[in-house]
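The values are calculated or read from the model by the stated rules, or taken from the named source; none is laboratory data. Remember, predicted model here, so these are calculated numbers, not experimental data. A quick note on method: Cβ atoms are made from the backbone with ideal geometry, for glycine too, and the neighbour counts reach across all protein chains shown.
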Amino acid sequence: MARKKKTREEPRTPEEKRARRRRLIIEYVIIAAVAVLVAVLVQAFVVKPYRIPTGSMETTLMPGDRVFTNRFIYHFSAVDRGDIVVFKAPGSGAVLIKRAVGLPGETISLEDGRVLIDGEPIDEPYVRRIGGEAVPTDPFANGRAWSLTEPYKIPADSYFMLGDNRIDSGDSREFGPVSRDEVIGEAFFIYWPLSRVRIL
């Protein structure tokens, strides 16, 4: 003979019903608190969204694009040339996003609008193009050693950041090299607007 399936017994008194409601409310509050804590920890240590405010990284990143940034990758690996990096600008502390072009110990210079590393031109397919031609990378006339009016040796544990839109970018030519301690993470995915969703 088959056993009759037991059903969960409902509270029979008003006091039992109130106690059950209190338990459910406490459970929901705990679940919500844990969800908020996880979200905060993810943003603080794993992935954080950023909005692109200017055209300094056109056409790789457009104003209004929203990107996810991997905040832990550089705890396990070095910044590579070509990485799109979120960092705090030296001096101002403003959070910026640019491309890592020069690496620690390298000498960066300019020739005919192109970037040279240790005297050799590098391939930069990401630089903004107008009429099929890459816009030039020109020095800044600010009198700083890193303005690239002359070759500049990048300090140890620092990176030279440039915007892809070289004719409209405040970058390391303006504020100097970015130390590893100022690096926040690597931008890896455009998630908004939907028409521009893609991996970087």
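Below, the figures for the structure above:
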| read-out | value |
| --- | --- |
| Which numbered condition D80 fails, given (1) surrounded by fewer than 16 Cβ atoms within 10 Å (Cβ to Cβ); (2) more than 17 Å from the chain's Cα centre (by Cα) | (2) |
| Hey, I108 of a type in the set (V, I, T), surrounded by 15 or more Cβ atoms within 10 Å (Cβ to Cβ) and within 16 Å of E174 (Cβ to Cβ) or not | yes |
| Qualifying positions in the stretch 147-200 - small (G, A, S), loosely packed, with under 15 Cβ neighbours inside 10 Å and part of a loop (DSSP other than H, G, I, E, B) | A156 |
| First in the stretch 49-69 and farther than 13 Å from D168 by Cα, second anywhere and modelled with pLDDT under 95 and among the basic types (K, R), Cβ under 6 Å, 6 or more apart | T69/K48 |
| Residue match in the stretch 134-146 (condition: closer than 27 Å to R51 by Cα, out of contact with any Phe, Trp or Tyr (no Cβ under 6 Å at 6 or more places or on another chain) and assigned to a helix (DSSP H, G or I)) | no |
